[in-house]
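Worksheet: the structure to be examined is printed underneath.
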Amino acid sequence: MSAETAKLPPPFRLITRRAIGSTNDEAKRLARDGAGEGMIVWAMTQTAGRGRRGRLWVSPPGNLYFSLVLRPQCRVADAAQLGFVAAVALTVAIGELAPNIELRCKWPNDLLANGKKISGILLETEMIAGDRPDFVVIGIGVNLAASPRDVAYPATSLADEGVTGVVPEVALTGFVEHFAEWLALWREDGFDPIREAWLKQAAGLGEPTQVRLEHETLAGRFVDLDNDGALLLGMPSGNRRIAAGEIFQVTT
Ligand code: BTN
């Protein structure tokens with residue numbers, strides 16, 4: 001699929017690259033140069049793919065790597081909600097391709113397939129003056145054909161789970177179609193319907209959970225998702241709001 005042949009709903013449009021450092025870096029560069037909402041940078045491989053918390057995102061051919069530019073007219077605090085919009089849309093899109101796999105949303109924006117990580121989302125925001133984002137880049141990696149070993153959280157791919165032959169362009173098109181709908185809903189009705197859909201698919205809701213922060217690890221129960229996307233961790237001292245961190249379910 002090329003930029004010419006892709007059938008994407010407006011305003012989404014594609015720039016394709018065979019190999020690139022990071023699609024997020026390229027999307028940010030183009031956004032700084034004025035690229036409008038809906039531009040998507042899609043690459044077959046990345047040589048410097050980035051994950052959250054400075055981690056590397058190993059990017060062999062066969063998997064899906066892309067980043068899209070949004071210019072939401074929202075407060076910067078609300079921009080993080082777009083990661084949940086993307087996670088919900090991706091869950092629906094992958095669910096259509098792999099109806100027999102159990103898909104779960106892992107806080108904040110990961111997707112699990114049969115309990116292992118199949119996709120990660122890296123959301124990056126740049127500001128203009130005041131409290132408004134200039135643009136938001138949502139970078140998504142989906143393991144279609146291969147998954148990394150030796151990672152903090154066990155990983156899988158569609159192929160590992162027995163669903164072979166899903167090519168990146170099909171997964172990308174499916175995602176964009178659903179994302180356009182969920183984005184419109186977010187713009188019209190706010191975070192509530194997104195939060196509700198995400199919670200229906202959430203991994204570990206109500207269960208004992210460990211949250212790894214930069215300098216400490218907290219243990220509690222995953223009680224709820226706050227209305228700005230923070231995780232509410234129930235602890236003996238009361239609920240604690242976690243805005244950023246890594247969660248691990250505790251097996252009892
Ligand atoms: C994570 O789970 O840590 C987030 C991973 C995000 C990876 C994607 S691949 C496409 C885009 N480009 C990058 O460099 N990172 C994101």
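Every read-out reported here was derived from the displayed coordinates using simple, explicitly stated rules and does not represent laboratory data. In this text the structure is predicted, and so the values were computed from the model without any measurement. FYI the Cβ positions are ideal-geometry reconstructions off the backbone, even for glycines, and counts take in every protein chain you see.
Here are a few things to note about the model shown:
- Here the gap between HIS215 and ASP189, fully extended at 0.36 nm per residue and compared with their Cα-Cα distance, gives a gain of 5.7 nm.
- GLU96 versus ASP131: modelled label distance in nm, points set 7 Å from Cα along the beta carbon direction: 3.7
- The overall shape of segment 1-99, judged from the alpha-carbon gyration tensor, is rounded, with an a/c ratio under 1.5.
- Seen from all directions on average, segment 41-168 presents a Cα convex hull projection of 7.8 nm².
- Think of each Lys and Arg Cβ as +1 and each Asp and Glu Cβ as -1; about the Cα centre, that makes the dipole of the chain roughly 540 debye.
- Table column - 3J(HN,Hα) (Hz), segment 45-57, Karplus curve with 6.51, -1.76, 1.60, x for Gly and Pro: 9, 10, 9, 9, x, 10, x, 5, 6, x, 7, 7, 10
- A convex hull fitted around the alpha carbon atoms of the chain yields 131 Å³ per residue.
- Among the GluC sites (Glu not before Pro) within segment 1-97, those in coil by DSSP and having at most 13 neighbouring Cβ atoms inside 10 Å are GLU4.
- Think of it as helices only: each DSSP H run of n ≥ 4 in the chain is worth -39500 (n - 2.57), and spread over all residues that comes to -7500 deg cm²/dmol at 222 nm.
- For the peptides 7-15, 118-126, the ranking by packing is 118-126, 7-15, with the highest mean count of neighbouring Cβ atoms within 10 Å listed first.
- More than 21 angstrom apart: percent of Cα pairs within segment 105-207: 46
- Trypsin sites (Lys or Arg not before Pro) within segment 128-227, DSSP loop, no more than 13 other Cβ atoms inside 10 Å: ARG149
- Potential extension, THR47-ASN227 segment - 0.36 nm per residue separation minus Cα distance: 61.2 nm
- Whole-Å semi-axes of segment 202-252's equivalent ellipsoid (Cα gyration tensor): 14, 13, 11
- Fully extending the segment from ARG55 to VAL151, taken as 0.36 nm per residue of separation minus the present Cα-Cα distance, adds 33.6 nm.
- Around LEU172: net Lys/Arg minus Asp/Glu count, Cβ-Cβ under 14 Å: 0
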